[in-house]
1. Quick one: among 100, 60, 213, which has the greatest mean-square fluctuation in a GNM of the chain with alpha-carbon springs under 10 angstrom?
2. Please give the FRET efficiency for residue 293 paired with residue 67, using the beta carbon to beta carbon distance and R0 = 25 Å, rounded to the nearest 0.05.
3. Specify which residue in the list 56, 272, 220 is farthest towards the positive end of the charge dipole of the range 27-323, using unit charges on the beta carbon of Lys, Arg (+1) and Asp, Glu (-1), about the Cα centre.
4. At most 15 other C-beta atoms within 10 Å and a DSSP loop state: those are the exposed GluC sites (Glu not before Pro) I care about. Give me the longest piece of the chain that has none.
5. I'd like the trypsin sites (Lys or Arg not before Pro) in the range 15-102 restricted to DSSP loop residues with at most 16 other Cβ atoms within 10 Å, sorted by number.
6. Charges on Cβ only, +1 for Lys and Arg, -1 for Asp and Glu, centred on the Cα centroid of the chain; of 157, 187, 289, which one is farthest towards the dipole's positive end?
7. Using just the helices of the chain, give the 222 nm mean residue ellipticity in deg cm²/dmol: DSSP H runs with n ≥ 4 each add -39,500 (n - 2.57), and the total is spread over all residues, rounded to 500.
8. Would you please name the trypsin sites (Lys or Arg not before Pro) within the range 272-324 that are DSSP coil residues with at most 15 other C-beta atoms within 10 Å of their C-beta?
Amino acid sequence: MVFPEYRPRRMRKNEAFRGLIRETRLDAAQLIHPLFVMPGKNKREAIGSMPGVFRVSVDQLAQEARECLDLGVNSVILFGLPEKKDAMGSGAHAKNGIIQQAIRELKNKAPELMVVTDVCLCEYTDHGHCGCLINNAVDNDATLEILAKTALSHAEAGADMVAPSDMMDGRVAEIRAALDEHGHETVPIMSYAVKYASAFYGPFRDAADCAPQFGDRRGYQMDPANSREALREATLDVDEGADILMVKPAVAYLDIISKLRDEFDLPIAAYHVSGEYAMIKAAAEKGWIDGDKVMAETLLSIKRAGADIIITYFAKDMARLLRG
Ligand code: PBG
């Protein structure tokens, strides 16, 4: 049947029709809100390149948790700014490290909030790379042990889920083994399985002070030109025991999200990263776009591509908009 017998506009007549046939919906319960935690007391620092995002001290976290929960955003992911950095990133697994303190505070003050932790060394190394260096190169196998220790220290502090973002080979298996060996077999791993070497991370690196001091991350993060390789990376992480597969960034990689959705039955997460957020914020501040509408359309497109879960700096704004 074609025009004039068939008229697609019949089903777009009003909001009742449109709502009836809507294929994709956003849900605050599937958004994860990133939090940057810094040392000190009573601190709340604005991040210049990410309007509306703050670095906060541990004592502010209960308030952050309350705001999220009130909006129906039940999950946060933590990033830490340690007091000091060193060559091996030892602050990442310190018993009283910034993230370990943050987890304990959140689980104490808001036990119903799901606390996910980013497992990586770049915020803790003085050179800013995601692993430890041997002969000026990031050494994969030496890094694995430190990552496993880090994930374990997060679980011991009470983290509900760990999310390795370092892109070392074999890290999911290593982390799974360490967790299981110490009685944390119920803590899932959300793997940054497909993480591209992206310029969209720029504002985050300011926020978390983790830009590499020499070179770049192309020796471990993926080449933006590759999509078959994404399937291989994801397959390895599934085999190693990942519970959720993540694609990062999101909007420039919707094709990858869609591919993973077709190929795997695990939940898929997408990280709408700092640069993607900053571009929308900047254009909205200039009055060039309607910020709320572009936000909603963007997050919807990530969901439509096949992501179940979206990590986004817009989590609270989106949840507010969904509430109406
Ligand atoms: C740590 C990490 C990064 C991001 C999340 N975890 C930075 C990077 O890989 O350089 C980026 C998140 C964002 O841009 O919002 N490795």
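Bear in mind that the values in this text are calculations on the coordinates, not laboratory data. What you see is a predicted model; the values in this text were computed from it and never measured. Cβ: placed from backbone, ideal geometry, glycine included. Neighbour counts: every protein chain shown.
1. Maximum among the listed residues: 213.
2. Values: r = 23 Å, r/R0 = 0.92.
Taking R0 as 25 Å, the efficiency between residue 293 and residue 67 is 0.65.
3. 56
4. Here the longest run is 186-324.
5. 22, 25, 41, 43, 84, 95
6. It is 289, whose Cα lies furthest towards the positive end.
7. -11500 deg cm²/dmol
8. Sites meeting the loop and neighbour criteria: 286.
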